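The values are calculated or read from the model by the stated rules, or taken from the named source; none is laboratory data. All figures in this text were calculated on a predicted structure; none of them were measured in a lab. Every residue, glycine among them, receives a Cβ derived from its backbone with ideal geometry; neighbour counts consider all protein chains shown.
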């Protein structure tokens, strides 16, 4: 069966994906979502990608998933292992040579000003634990240019969360049309942290990309 390699978002941990990992494994797949070294100032995006590659039991038949800031990491992994597919979940799509810290202005991001932008639809106990597990982000990684000359040439999919209050759908559609033209997003009725609010539904979508 397929292996799913999951790159979590900024300030996050692999734990946030534990329910999706369980659901994918229940379908017969393998799934890994390690903690990436996002706080380590001696590490950069290439090191984050290496951490995910090293967590894989095999590099054969792998679907790489990137959530939110994981959109900067997942393509590096997919390119390195020649993945079967790349799936971006309400994710930042980088441009060649773009530093993550510059993405916000370059992509035209504007804060929608909505309250509880991350966990509004996440069960209270999971939201509380997610906040307790939150981490800082390396300034070094934020300042270094994204190293690929282009997005990997492989099947690429985008899951757009229609109730996302952080990356609102209207912004994400504009960003996607500009940076991944031709990729038609698949919609999921969930907020930014769909891996905690709609894990079964998200796992069902991801499983469709298994080969």
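Residues that are over 16 Å from residue 199 (Cα atoms) and modelled with pLDDT of 95 or more: list the strands (runs of 3 or more DSSP E) wholly contained in the stretch 1-115 that include at least 3 such residues.
62-67
With respect to residue 104, is the statement that it is under 18 Å from residue 11 (Cβ atoms), surrounded by 12 or more Cβ atoms within 10 Å (Cβ to Cβ) and in contact (Cβ under 8 Å) with a residue 24 or more places away in the chain true? Full working, then the answer.
Details: under 18 Å from residue 11 (Cβ atoms): yes; surrounded by 12 or more Cβ atoms within 10 Å (Cβ to Cβ): yes; in contact (Cβ under 8 Å) with a residue 24 or more places away in the chain: no.
No, not satisfied.
Based on this model, can you work out whether residue 127 counts as closer than 24 Å to residue 64 by Cβ, surrounded by 14 or more Cβ atoms within 10 Å (Cβ to Cβ) and in contact with a helix residue (DSSP H, G or I) (Cβ under 8 Å, 6 or more places away or on another chain)?
no
May I ask you to verify whether residue 196 is in a helix (DSSP H, G or I), touching a helix residue (DSSP H, G or I) at 6+ places or on another chain (Cβ under 7 Å) and either more than 26 Å from residue 104 (Cβ to Cβ) or in contact (Cβ under 8 Å) with a residue 24 or more places away in the chain (or both)?
Considered against the rule, which asks whether it is in a helix (DSSP H, G or I), touching a helix residue (DSSP H, G or I) at 6+ places or on another chain (Cβ under 7 Å) and either more than 26 Å from residue 104 (Cβ to Cβ) or in contact (Cβ under 8 Å) with a residue 24 or more places away in the chain (or both), residue 196 comes out as yes.
Can you tell me which residues in the stretch 168-187 are in a loop (DSSP other than H, G, I, E, B) and within 18 Å of residue 95 (Cα to Cα)?
180, 181, 182, 183
Out of everything in the stretch 146-167 that is part of a strand (DSSP E or B) and touching a helix residue (DSSP H, G or I) at 6+ places or on another chain (Cβ under 8 Å), what residue ends up being surrounded by the most Cβ atoms within 10 Å (Cβ to Cβ)?
This residue is 161.
Being in contact with a strand residue (DSSP E or B) (Cβ under 7 Å, 6 or more places away or on another chain) and closer than 24 Å to residue 62 by Cα is the filter here, so list the residues in the stretch 160-191 that pass it.
160, 161, 176, 180, 183, 185, 186, 187, 188
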